[in-house]
Amino acid sequence: MQVTKNLKNVEITLNFAHELYSRYDCKNLVGSHLCVCPEGFRKVGYSDDCEDVDECGEDAARCGEGGRCINTQGGFRCECRRAAGFEPSPDGRRCLDRRLGRCHREVLPSSFGLERCPASPEGERSGAEVTKSDCCCALGAAWGERCELCPAKGE
Ligand SMILES: [Ca+2]
């Protein structure tokens, strides 16, 4: 009886070790072992355990205004507001702004803290719609219906 019980314990220990080793990149050293957490995980204190990094908790605005950050084991993804014109990037870690709007080369002095863009001349409304990044990478100062300011150069 005693032998069976011990064997079971050994088995459990081995199973646990196997899970630990495959999940946490552990390496056997002489008389010891070393665990390095895989990407997206970090060590829990001084233990050999690794826990998921909550990327969304660290930076809730990670996906930008176009989406919501969803934490996953070993990573995160962005749930993008497609209906509003935002698409996930190929790696799913950003929301790309695919909205189209007019590009403004200048911004009028702000009033009551609101940026104002000059009204476009009649007829310019059609055909001249671009994405915000195309606008801001060119000569734009602000973009779109709501006169969203372009980031300062180098941002
Ligand atoms: Ca994560």
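All of the numbers you see were taken from the coordinates with simple rules; none came from a lab. Bear in mind the structure is a predicted one, so any value in this text is a computation, not a measurement. Please note: Cβ atoms are built from the backbone with ideal geometry, for glycine as well, and neighbour counts cover all protein chains shown.
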*Mind listing the phi-derived Karplus ³J(HN,Hα) values for the range 145-150, rounded to whole Hz, using 6.51, -1.76 and 1.60 with θ = phi - 60°, and x for any glycine or proline?*
4, 8, 6, 6, 5, 6
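Using the Cβ atoms and a cut-off under 10 Å, what net charge is assigned to the surroundings of Lys43, where Lys and Arg are +1 and Asp and Glu are -1? Write down the numbers at each step before the final one.
Values: positive: Arg42; negative: Asp48, Asp49, Glu51.
Taking every other residue near Lys43 into account, the sum is -2.
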_Order of Thr131, Thr72 - criterion: other Cβ atoms within 10 Å of each residue's Cβ, fewest first_ = Thr72, Thr131
*Separation between the Ser47 and Glu106 pseudo-spin-labels, each 7 Å from Cα along Cα→Cβ, expressed in nm?*
6.3
*Determine ³J(HN,Hα), in whole Hz, for all residues of the range 95-103 in sequence, where each value follows from phi through the Karplus function 6.51 cos²θ - 1.76 cosθ + 1.60 and θ = phi - 60°; x replaces Gly and Pro.*
10, 8, 7, 9, 5, 10, x, 7, 9
